[in-house]
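For reference, the structure discussed in these notes is given below.
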Amino acid sequence: MVSSLWKQFPTRIKRILTILMFFLFSIAVTIAGVSTPLTSEEASEINKEIGETQDYISKVDMFRGTTLIFGNNFVLCLSFFIPFIGPLFGFYVLYSTGIVIAAQSICNGVNPHLAFLSLFIFPFAWLEFLAYSAAFAESAWLVWRIMKGGWRREIINMCVMISICAVTLLLAAFIEMALIKTFTQS
C-alpha cells in the first residue's frame, strides 16, 4: 500500500518527503548523542577542546568568522553527498555534535536535552539541519539512481542540491556569527 501511494507522488514531492524524513532522523541521531552518558571529567575535557575553538571564533572579525563556520559546515555537508558512506559519516558527525552539546550542557549545569532544543530558537540550527538533510536525501537518491542505471541524470540534481546547500549554509554561518558577535559583545 505504501509503495503504491509513494509511486503516485510527483518526484519533487518525493524529494521533499525524503529530505523531511532525513531531517527527523538527523534530529533523532543528534538526540542520541545528547543522551549519551558522560562523566564530568569527559564532559570537561570535551568542553575544553571545543572552548578553544569557540574562543577563537568569537575574537575574529565577522567576515573571517562567517568564513570559518561556513567552510567547516560546507566541507562536512559535501561529504554527506557521497553515495553509500556519506550519510553514515554524517550521522556519526551529528551523533558527535550531540555529545558536544551534552558536554557543554553538563559543564554549564543545564539539561542537555533542553540545551539542544533551545538551539532551534535560532534560525541557523534549522538551516544547518535542513542542508545536511538535503545532502543525505540526495545521497540516497543517487544510490537509488545508481541501482536503477540513471545516475547521470541524477548528477545534475546533485549539483543543484550542492548549490542550494552552499547558499543555505552561508546564510546559516552569517546568522550564527552575527549572534556570536551580539552575545560576546554584551
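Below are the figures for this structure:
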{"quantity": "Candidates SER40, SER26 - the one that is within 30 Å of ILE106 (Cα to Cα), modelled with pLDDT under 95 and not β-branched (Val, Ile, Thr)", "calculated": "SER40"}
{"quantity": "Qualifying position, being touching a residue at least 40 places away in the same chain (Cβ under 8 Å), of a type outside the set (Asp, Glu), more than 14 Å from VAL29 (Cα to Cα) and not in a loop (DSSP other than H, G, I, E, B), among ILE106, ILE101", "calculated": "ILE106"}
{"quantity": "Which numbered condition LEU20 misses (of (1) within 21 Å of the chain's Cα centre (by Cα); (2) surrounded by 14 or more Cβ atoms within 10 Å (Cβ to Cβ); (3) in contact (Cβ under 8 Å) with a residue 12 or more places away in the chain)", "calculated": "(2)"}
{"quantity": "Some residue of the range 69-78 being modelled with pLDDT of 95 or more, aliphatic (A, V, I, L, M) and surrounded by fewer than 16 Cβ atoms within 10 Å (Cβ to Cβ)", "calculated": "yes"}
{"quantity": "Number of the exception - LEU142 against (1) over 23 Å from GLN185 (Cα atoms); (2) under 18 Å from the mean Cα position of the chain (by Cα); (3) aliphatic (A, V, I, L, M)", "calculated": "(2)"}
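The values are calculated or read from the model by the stated rules, or taken from the named source; none is laboratory data. This structure is a prediction, so every number in the text was calculated from the model and none was measured. Cβ: placed from backbone, ideal geometry, glycine included. Neighbour counts: every protein chain shown.
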